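Encoded as structure tokens, the structure appears first; notes follow it.
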Amino acid sequence: MEKDLPVGLSRSFLHRANQVFFFVGGFGVASWAPLVPLLKERLGIAEDVLGLLLLCIGVGSLVSMPFAGVLAGRFGCRRVIAVDSLVFAALLVALATVDSIGLAVPTLLLFGAAMGVIDVAINIHAVRVEQLLKKRVMSGMHALWSVGGFMGAGLFGVWMAAGLTPLGATACSAGIIVLLVIAFARFLLAGRSASEGKVLAVPRGIVAFVAAVAGISFLVEGAVMDWSGVFLTEVRAMDMSMAGTGFAVFSAAMLLMRLLGDAIVNFLGARRVVLFGSVIAITGFLLVIFSTDAPLVFSGFFAIGFGCSNIVPIFFSLMGKQKDMPINAAVAAVSTCGYLGVLMGPAAIGFIAHGTSLLASFALLASLLFVQLLIGMHVFRKVV
């Protein structure tokens, strides 16, 4: 892998370049979010049609993720990440201009596919960077995705407030992505991998257990994002102005702990971080479920984010140590299962809540975290 390093490139700078593209991923996704209501208005469609259009993004990501590993192996992470980031930027601008459903559907499908490819490719690259550096950097990488998300949403608002049109603001966001690609893509690892076997990445061996961990973790994150507001306003009877507070507290805790995560994992060890983190997250759900006091409820959401924050980065790091699948295919398979959790989780919680209650749905999430802990301990016994 040393031969893949550009001449004169320090390992620390390679690390920074990888962080930049995690930032690009979060920045691009957040830059799309403000365009959703504008797309609805421009196309003159109702909420149900908009929901179907947004589903195209999920379908595009889900289709592209299993193939992203073989793309990275065939063309190299540097080329895949750079080209995909540029396509991502171009599609952002396209989404600010499409004026018909006939154009919106393929554009959203391609946008979702670009999201899926960059998600897998940057994680593959991060695993290889960890192998090269011989230290943990994955949590910090994932933190930069969140930082990019905050920056993307914030800057779009700033540009709109400054008098730019939505297209102008989107062009500025796309321009930042292009500039980052020009400045940093050349510092990524370029080398192609050996044959990755099957084109479609299907988890097998210990990777199947890691995929289950990722699926549960992302399911929980998606459920908190989509249902915490409903829980606070309908179950805890809080004012609508507080609806977003639960997810905001959860996100803040997750970002904080991912920024500190690599140092914590190096100090405590990965197994203990997963164990303690799972226990803290389960305790957070118990606070949310059984407490009616607002500070305790919000403390519960903070604990969930605190505990869950480093679990997925830790298990992505383990993909560099397992022997059941090539790294590219393993990361693609785990990412796909994680994304399935994001897509299925909120809907499943809704069906369960309709048949029982939202409290019961949150109790199920706590139970799934316990199952995740058991699976995780099994993975550590086999891999570490």
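The values are calculated or read from the model by the stated rules, or taken from the named source; none is laboratory data. A quick note: this is a predicted structure, and the numbers were derived from the prediction, not measured. All Cβ positions, glycine included, derive from the backbone under ideal geometry; neighbour counts span all protein chains shown.
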- Task: Identify, by number, the condition in (1) surrounded by 20 or more Cβ atoms within 10 Å (Cβ to Cβ); (2) free of Cβ contacts under 8 Å to residues at least 60 places away in the same chain that ALA248 doesn't meet.
- Result: (1)
- Residue check, LYS382 outside any helix (DSSP H, G or I), among the charged types (D, E, K, R) and either touching a residue at least 12 places away in the same chain (Cβ under 8 Å) or in the same structural domain as PHE247 (by TED's automatic domain parsing) (or both): no
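Kindly evaluate GLY222 against the criterion of being crowded, with 20+ Cβ neighbours inside 10 Å, of a type outside the set (S, T, N, Q), at pLDDT below 90 and on the phi < 0 side of the Ramachandran plot. Before the answer, list the steps.
Values: crowded, with 20+ Cβ neighbours inside 10 Å: yes; of a type outside the set (S, T, N, Q): yes; at pLDDT below 90: yes; on the phi < 0 side of the Ramachandran plot: yes.
So GLY222 fits the description; yes.
Please list, ordered by residue number, the helices (runs of 4 or more DSSP H) wholly in the range 224-308 having 1 or more residues that are among the aliphatic types (A, V, I, L, M) and in contact with a strand residue (DSSP E or B) (Cβ under 7 Å, 6 or more places away or on another chain).
On the way: elements: 245-268, 270-290, 294-308.
Fully inside the range 224-308 and qualifying: nothing.
Looking at the range 150-173, is at least one residue of a type in the set (A, V, I, L, M), under 30 Å from ASN310 (Cα atoms), at pLDDT 90 or above and touching a helix residue (DSSP H, G or I) at 6+ places or on another chain (Cβ under 8 Å)? Even if it seems obvious, please write down each step before you answer.
Quick first cut of the range 150-173, residues of a type in the set (A, V, I, L, M) only: 151, 153, 155, 158, 160-162, 164, 167, 169, 171.
So of that shortlist, the ones also under 30 Å from ASN310 (Cα atoms) come out as 151, 153, 155.
From the residues that got through so far, the ones that are at pLDDT 90 or above too are none.
No - not one qualifying residue is present in the range 150-173.
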- the range 91-103 - residue that is surrounded by fewer than 17 Cβ atoms within 10 Å (Cβ to Cβ) and touching a residue at least 60 places away in the same chain (Cβ under 8 Å) and, of those, farthest from GLY338 (Cα to Cα): THR97
- Name the pairs whose Cβ atoms lie under 6 Å apart, with the first residue in the range 104-125 and touching a residue at least 40 places away in the same chain (Cβ under 8 Å), the second aromatic (Phe, Trp, Tyr), and 6 or more positions between them or separate chains? ALA114/PHE88; ILE122/PHE21; ILE122/PHE22; ASN123/PHE316
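Out of curiosity, is VAL117 buried (at least 23 other Cβ atoms within 10 Å of the Cβ), under 20 Å from the mean Cα position of the chain (by Cα) and outside the structural domain of ARG258 (by TED's automatic domain parsing)?
Values: buried (at least 23 other Cβ atoms within 10 Å of the Cβ): yes; under 20 Å from the mean Cα position of the chain (by Cα): yes; outside the structural domain of ARG258 (by TED's automatic domain parsing): yes.
So VAL117 fits the description; yes.
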